[in-house]
1. Checking Q20 against (1) surrounded by 13 or more Cβ atoms within 10 Å (Cβ to Cβ); (2) among the polar types (S, T, N, Q); (3) more than 22 Å from I154 (Cβ to Cβ), which test does it fail?
2. Tell me the residue from A148, A163, A137 that is modelled with pLDDT of 95 or more, in a helix (DSSP H, G or I) and more than 16 Å from V49 (Cβ to Cβ), please.
3. For the range 106-154: of the residues being more than 16 Å from D44 (Cα to Cα) and of a type in the set (D, E), which is surrounded by the fewest Cβ atoms within 10 Å (Cβ to Cβ)?
4. So, in the range 18-74, of the ones that are closer than 23 Å to V142 by Cα and of a type in the set (D, E), which residue ends up nearest to the chain's Cα centre (by Cα)?
5. Just to check your reading of the model, which residue among L82, L72, L30 is surrounded by 12 or more Cβ atoms within 10 Å (Cβ to Cβ), out of contact with any Asp or Glu (no Cβ under 6 Å at 6 or more places or on another chain), within 30 Å of W156 (Cβ to Cβ) and not small (G, A, S)?
6. Residue pairs, Cβ under 6 Å, 6 or more apart or interchain, first in the range 80-109 and over 20 Å from D68 (Cα atoms) and outside any helix (DSSP H, G or I), second at pLDDT 90 or above and polar (S, T, N, Q). List them.
7. Kindly indicate whether I11 is closer than 19 Å to A151 by Cβ, part of a helix (DSSP H, G or I) and either at pLDDT 95 or above or touching a Pro at 6+ places or on another chain (Cβ under 9 Å) (or both).
8. Out of (1) outside any helix (DSSP H, G or I); (2) in contact (Cβ under 8 Å) with a residue 40 or more places away in the chain, what's the single condition that is false for P125?
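The values are calculated or read from the model by the stated rules, or taken from the named source; none is laboratory data. None of these values were measured; they are calculated from a predicted model. Glycine also receives a Cβ, built like all others from the backbone with ideal geometry; neighbour counts cover every protein chain displayed.
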Amino acid sequence: MTRTSLPAAAIATLVYVVSQAHIGGLLYQLRPNIFVLQLSFQSDRYWAVLGQWGEAGLRSYQAHLPWDFAHLFIYAAFGYVLATRAGLFGDPDSPAARRTAWMLPLAAVFDLAENLFQVHLLGGPFGAESLTIPLSACCSAVKWSLAAGFALIIAWRVLRKSARIGLLSQ
């Protein structure tokens, strides 16, 4: 039984895009960018990035965290709905659909851990050596790997479906 609901998939996508754009708008000015901080496994590199951001950048980063906590629920729901309701898998209960459906919710769990580590780090002394930094970076690496994997699977499914219905033909 197919449980396709394109309106649900469209709404989930719209909410995700708006939320992602909002997060991007809060952090676009950070140089080096947020990924450099998130994937800093060494304490000296992590604190150097925060130092390069200065007080204004640090305030922007801290201000984005409440939104990021909400965003992880948004993208988890988006991933689940897209994989199970967009009609990209012949059977939404197939193992491939189920695995794909849980990729972004799992990424959100790692994002939650990363955010909690970041709150802990930002509440402590600036420049402190901490095991929390590589733990946060590991969570971030897993989160981004799952997100990239999800994006590749969905892109592949969209291309396959488009080819099947003739959208990619001459």
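1. Exception for Q20: condition (3).
2. A148
3. E114
4. D68
5. L82
6. Partner pairs satisfying both residue conditions: P92/T84.
7. When the stated conditions are applied, I11 does not pass them.
8. Only one criterion in (1) outside any helix (DSSP H, G or I); (2) in contact (Cβ under 8 Å) with a residue 40 or more places away in the chain is unmet by P125, namely (2).
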